[in-house]
1. Could you run the Karplus curve 6.51 cos²θ - 1.76 cosθ + 1.60 with θ = phi - 60° over the stretch 90-96 and give me ³J(HN,Hα) per residue in whole Hz, x for Gly and Pro?
2. On full extension of the chain, what length is gained from residue 22 through residue 41, given 0.36 nm per residue of separation minus the C-alpha to C-alpha distance?
3. Once fully extended, how much extra length lies between residue 110 and residue 122, figured as 0.36 nm per residue of separation less the alpha-carbon to alpha-carbon distance?
4. Please compute the length gained on full extension between residue 12 and residue 53, using 0.36 nm multiplied by the number of residues separating them and subtracting their Cα-Cα distance.
5. Give the long-range amide H neighbours of residue 134: residues separated by 5 or more places, or on another chain, with amide H under 5 Å away, using H modelled in the peptide plane at 1.01 Å from N.
Amino acid sequence: MPPGPDAPATREVPHFDPVRVRGTRQRLRRLVRHRRRAVAAGLAVTAAALVAAGPREADGARGHPAQGPARLAERVSAPVRIADAATVRLLRPGDRVDVIAAEEHGPGGDAEVVARGARVAEVPEPLEAAGESGALVVLSVPRPTAARLAGASATARLSVTLC
């Protein structure tokens, strides 16, 4: 469609020299020369992005390792003396057991589950001199459970049930 009567007359566009941005080659050469700085800057930006996108915990600041809860969940090896040596001979490494503390006060006494689902790490060979004092078993448990096991073994006889 031809332009209407109100449109101005068409003209030819004049020839312009190409527009060039100065200094881009210089920046590229400088970046290649200072490669270590560029890599360090890239790593810093990546680390900042990973910290910002990392998991968010309600207890601590983002980007910092949790001090308390992660340490409490850490598993430790706890040697425990079980009252019945014959029961310990049934255990193998990898078995899961519940540890029960039975008080010796009066008839029947009170029994309490001290550790649930503890993994048997090792069953050491019994010593000949141990006699009737029970048998030792090494359990892999969280740190707070290990503390409860140590406390219970000082005041009660411990026994295990297979899970």
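1. 7, 7, 10, x, x, 5, 9
2. That pair, residue 22 and residue 41, stretches by 4.4 nm at full extension.
3. 1.5 nm
4. Stretched out fully, the residue 12 to residue 53 stretch lengthens by 9.2 nm.
5. 85
Rule-based calculations on the coordinates, nothing more; no lab input. As the structure is a prediction and not an experimental result, all values here were calculated from the model.
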